[in-house]
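Where a number appears in this text, it was derived from the coordinates with a stated rule and is not lab data. Computed from a prediction, not measured in an experiment: that's the story for all the values here. Counting neighbours? That spans all protein chains shown, and the Cβs are built from the backbone with ideal geometry, glycine included.
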Amino acid sequence: MTSPPDGIPGTPRPVDRTPAGTESGTPRPGERAHHAGTAPEATSPEDAAGGAAVAGSGRGRPGTGDAALLRRIGALLAPHRGALLLVALSIVVASVLGIVTPFLTQRVFDDALFPVDGSGVDLPLLTWLVAAMIVIPLLSAAIGVGQTYLTTKIGNLAMAELRGRLFEHLERMELAFFTATKTGSIQSRLANDVGGVRSVLTTTASSILSNTVTVLASLVAMLLLSWQLTVVAVALMPVFVVLQRRVGARRQVIARQTQESLSDMTAITEEALSVSGVLLTKVFNRSDTEIARYRAENDRQVTLQVRQAMAGQGFFGVVTAFMAITPALVYLVAGYMITGRAGTDTLTAGTLVAFSTLQARLLMPVISLMRVALDVQTSLALFRRIFEYLDLTPAITDRPGAVHLDPEQTRGRVELDEVWFRYPPPPRLTQPPPAPGGRRGGGFGMRGAMAGLAAPSGGRHPGGAAGVVRLPRDEPEPATDDALAGSRRRAWAVRDVSLVVEPGQLAAFVGPSGAGKTTLSYLVPRLYEVDRGAVRVDGHDVRDLTLSSLADTVGMVTQDPYLFHATIADNLRYARPDATDDELVEACRAANIHDRIEAFEHGYRTLVGERGYRLSGGEKQRIAIARVLLKDPRVLILDEATSALDTASERLVQSALARAVRQRTTLAIAHRLSTIRDADVIFVVDDGRVVERGSHDELVTAPDGLYARLYAEQFGGGRVEARFSDGVMFTDGVVLAQPAPPHA
């Protein structure tokens, strides 16, 4: 028995009640003081809090200022440098061609139509100038088509890469992330947020470059024509740039609120319109409530969309009005210049016409640049939401040098050695404020709150030994790190559990609901990471194995098996895509489901519906068993596989399970003790601890034992053979059907 992980000063070490002949207090060979993701043992509560704050799981985000964010966005386009250079070249060429036309216009007026020397119209020159003015727009249009194709292709490829990276990253996140995050929120970031930045990746970059080149080229040309008129035309531009940045910051805040509202709407849709959600709303008559909830969020979305659309419209109205008024001011100044009152009389009619053309050409690019700048600032809010997910570091990953466990060579020995575990806190996606005293809170990871705790030391308890092992129940509760856990203390879900399941054994886990049975089973395939101790398969710490090889070694059948909206064959081949039809049939025969499948009109091509709702509970369970048999794992976990079945279905499933557990190590979790009476070893779990262990005959005769009490409650002191959801079978063979509850 070990001392509490965090160590409580002055607390006596519990008496070791391990049976004689077992080791106690023996250090594990090569045991480390702490494993990856945890900080070394702290010497004081303050040091523990500080150590946890910096250890974490690396979920802190990199710099998220606008400049850093823009660099990350630019990195998305980096793989397309060649195409981007071609786009940039086409933009420069098109912009240069665009400013040539005003100069041709000047030549038309000053040299061809109204020559200064009064020689009359020069038709040959006029013809060449007009021809050039026709060819240039056609050439610019052709370049524009090619440019649009390239920018659209580059942008969509970049967006597809971003969406793919986000999905891939989420697929690699640990189970705890998904249990703490709404499915609709995840879907919203994949669909709505990535879709919302489409314009930035497809057209914005080229639009900025094109408009910037056009504005610069037009300004240079205007300065060459008349610097005085240019000063009049752009006098208020710096003021507009400052105002635009303030408007953009406001729109960015509104954009984030809009996306969060859209995420909530997606979550409501996913919850309320799924098969389970619809079933729940109908049986509880809560459809009107869900409609009202959706309408309320929909109304909020409308308000935010209107606010986002209107933010900056007054600003653009002022800019547009100034641009419209500026030509009149230019004409007024031009009049003073032509009459010599402005100190010069060199302005010609052709120059004024050319300048007016350039000024008109300047209007749209300037306004477009300001609008694009606002759109970029708005999109930054969406990019931040996307990068928040991409910056989450999976808490459970392969260690450097992780060992590949060959499923063919695996014997299937499972060991839990002084295991402590508590469920991690939900992930935090934003930087927390500094804690009092200048310290920040814990890391951003699921594992961040665990970081300051050290591994325990002490002995171990072998499992599966002969005889009943009664473990003490007065273990002192470990201290918790309130600085990390906050006001809500997170209790230990598993406390100092040590056991061994030998290869080929059927080990059963029983106990009250919420005792920690399923949690223990999740630690074996490393769906969760232990906080203390170790889980081993064939002597290998599961943290030292590759996740892929561990997943190939361990199979699981859950209480509520998940089936995709696909055919039965597709669901079966999820375990082994290369399985032949004969192998499917063989697995289904072993699972007692082949004949039932053949009775369907389309056989193995039958669509099962969302989550398999077109099948009965027993049919889903047996298909799930066939799927795991097709996988053929060395270690099989059965989590309440028959708890919700009727008598006939349970017998079919039990028969299938009897075949499934042959020649493999099986961990079976059960409430119905009739299903595990023949187990090689039974572990009785209560309050996160294994309090008893032994065979059925040993445990049922142990005085004052939890197993004996559960058995007496379920089997009426030996008169009941088995209980089912629809009846009771007595030891004399009599079956009593359970009457249906009376209707209100």
- line: The long-range amide H neighbours of VAL419, using H built 1.01 Å from N in the peptide plane and a cut-off of under 5 Å, are ASP496, VAL497, SER498, ALA534
- prompt: Using modelled amide H (1.01 Å from N, peptide plane; none on Pro or chain starts), what sits under 5 Å from the amide H of HIS565, excluding residues fewer than 5 places away?
  reply: ARG611
- request: Work out the charge dipole of region 66-390 with +1 on the Cβ of Lys and Arg and -1 on the Cβ of Asp and Glu about the Cα centre, then indicate which of MET222, GLN305, LEU166 is farthest towards its positive end.
  value: LEU166
- prompt: Looking at PHE114, LEU85, SER95, which one has the Cα that reaches farthest to the positive end of the dipole of region 65-119 (charges on Cβ: Lys, Arg +1; Asp, Glu -1)?
  reply: LEU85
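Can you list the trypsin sites (Lys or Arg not before Pro) in region 607-636 that are in a DSSP coil and have 16 or fewer other beta carbons within 10 angstrom? Mind dumping the intermediate values first?
Values: sites: ARG611, ARG614, LYS620, ARG622, ARG627, LYS631, ARG634; in loops: ARG614, ARG634.
Filter output for region 607-636: ARG614.
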message: How high is the relative contact order of region 66-390? Use alpha-carbon pairs under 8 Å, at least six apart in sequence, and give a whole percent.
response: 30 percent
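Sort 132-139, 316-323, 102-109, 666-673 by the packing proxy (mean of other Cβ within 10 Å over each peptide's residues), most packed first. Please list the in-between numbers first.
Details: 132-139: 12.6, 316-323: 14.9, 102-109: 19.2, 666-673: 22.2.
Most protected by this proxy first, the peptides run 666-673, 102-109, 316-323, 132-139.
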message: If amide hydrogens are placed 1.01 Å from N in the peptide plane, which non-local residues have theirs closer than 5 Å to the one on ARG689?
response: ARG495
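Which peptide among 387-396, 160-169 comes first, and what is the full order, when sorted by highest mean count of other Cβ atoms within 10 Å? Present the calculation step by step, with values, prior to reporting the outcome.
Numbers: 387-396: 20.1, 160-169: 14.6.
Result, highest mean first: 387-396, 160-169.
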- request: Mind putting a number on the dipole of region 66-390 about its Cα centre? Charges go on the C-beta only, +1 for Lys and Arg and -1 for Asp and Glu, and I need it in Debye to the nearest 20.
  value: 740 debye
